[in-house]
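Reading through the structure tokens given below for one structure.
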């Protein structure tokens, strides 16, 4: 996965936002797509809910990038014991609290940026875990494009500190 | 349950309430010939005791134009948000405080995370501590009389002469 994924997500959101503008402006479009409400505030609310899905999408892409980077940091496996231990670490790496990984990034990027990623994560948790209607939001976004940029900047930190891997050696025979 | 008079709210909330209180007189000064109405609402934020704050309704000749609705003090990459809501559209007003006052937030380990970041990296149009209109796509404008009237026209369709 490379960081162009974040441009793609932003592009998809931009298209959605433009479609909603059209929906708001044009009553013919609303009737053609079977959208019955003519209250602009309701259309705004629909878009707000869709924005949350894009935040989940962008954060998920970032989290995948970060966890892949954890796996890349495992050293080469030169013997069977190392291979087996590495396999355990690989399996468990999905369960490492992302906050621990983000704290490591503070040494490589503006800590303020990483603090913002943690805020976005809190917001993402509330939406993704179905607590949107049950709990008060810990933090609220203003401009989704700012959120995209915060995530993209953190992803750039990861790729700027990536490992240039040696050609892959098949170690499956050890297992 | 804790209530506002427990005086438990953090500085972020106190500053937000103060910034809203400073904003309304300015808006009233800019909008000559309008009628205003304030109504208290409750804001619930996870890291704050629920608190009361006023919404500002703006009318012209008994016709509703728009309202300023405070949204919250704990905002991602900003230090307060209020929405300007009209019949046609909605825009956000955002407050940024001095970055040297370094934004912080408690994390899960009861440590403090710094959430301050150079505003110019994230926003186009940042000029210092103040209220701004957020137009989306990371563009903001310092809230002046001219910009407020432009924003009000956009959300309400009413052109103030």
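Each peptide in A:86-96, B:54-64 receives the mean, over its residues, of other Cβ atoms within 10 Å, and ordering these scores from highest gives B:54-64, A:86-96.
Sort A:56-64, A:33-41 by packing, meaning the average of other beta carbons within 10 Å per residue, with the highest value first.
Per-residue mean Cβ counts within 10 Å order the peptides as A:56-64, A:33-41.
When both region A:104-137 and region B:29-95 are represented by their alpha-carbon centers, they are found 25 Å apart.
Note on residue A:79 and residue A:106: with the Förster distance fixed at 35 Å, the Cβ-Cβ geometry gives a FRET efficiency of about 0.50. Derived from the Cα gyration tensor, the three semi-axes of the equivalent ellipsoid of the protein assembly as shown are 42, 23, 18 Å, largest first.
Between 0 and 90 degrees, the angle of helix A:144-160 with respect to the longest Cα principal axis of chain A falls at about 10 degrees. Distance from the Cα centroid of region B:134-161 to that of region A:32-52 is 22 Å (rounded to whole angstrom). Mean sequence separation of contacting Cα pairs (under 8 Å, at least six apart), scaled by the length of chain A, corresponds to a relative contact order of 31 percent.
What does the helix-only formula give at 222 nm for chain A: each DSSP H stretch with n ≥ 4 adding -39500 (n - 2.57), the total divided by the residues, and the result rounded to the nearest 500 deg cm²/dmol?
Rounded to the nearest 500, the figure is -22500 deg cm²/dmol.
Across peptide B:70-79, the average count of Cβ atoms from other chains found within 10 Å of a residue's Cβ is 6.
Computed extension gain for residue B:121 through residue B:52, at 0.36 nm per residue and net of the alpha carbon distance, reaches 21.5 nm. Averaged over the residues of peptide A:38-45, the number of Cβ atoms from other protein chains lying within 10 Å of each residue's Cβ is 2. Straightening the chain between residue A:161 and residue A:12 buys 50.9 nm, computed as 0.36 nm per residue apart minus the Cα-Cα spacing. Counting other Cβ atoms within 10 Å as a rough exposure proxy, the listed residues B:37, B:131 run B:37, B:131 from fewest neighbours to most. Averaged over the residues of B:83-89, the number of partner chain Cβ atoms lying within 10 Å of the residue Cβ comes to 3. Fewest neighbouring Cβ atoms within 10 Å first, the residues A:22, B:149 line up as A:22, B:149. Every Cα-Cα pair of region A:13-171 was included, and the share exceeding 28 Å stands at 40 percent.
Each reported figure results from applying straightforward, stated rules to the coordinates on display, with no laboratory input. The structure displayed is predicted, hence computed values, not measured ones. Here Cβ is always computed from backbone atoms with ideal geometry, including for glycine, and neighbour counts include all displayed protein chains.
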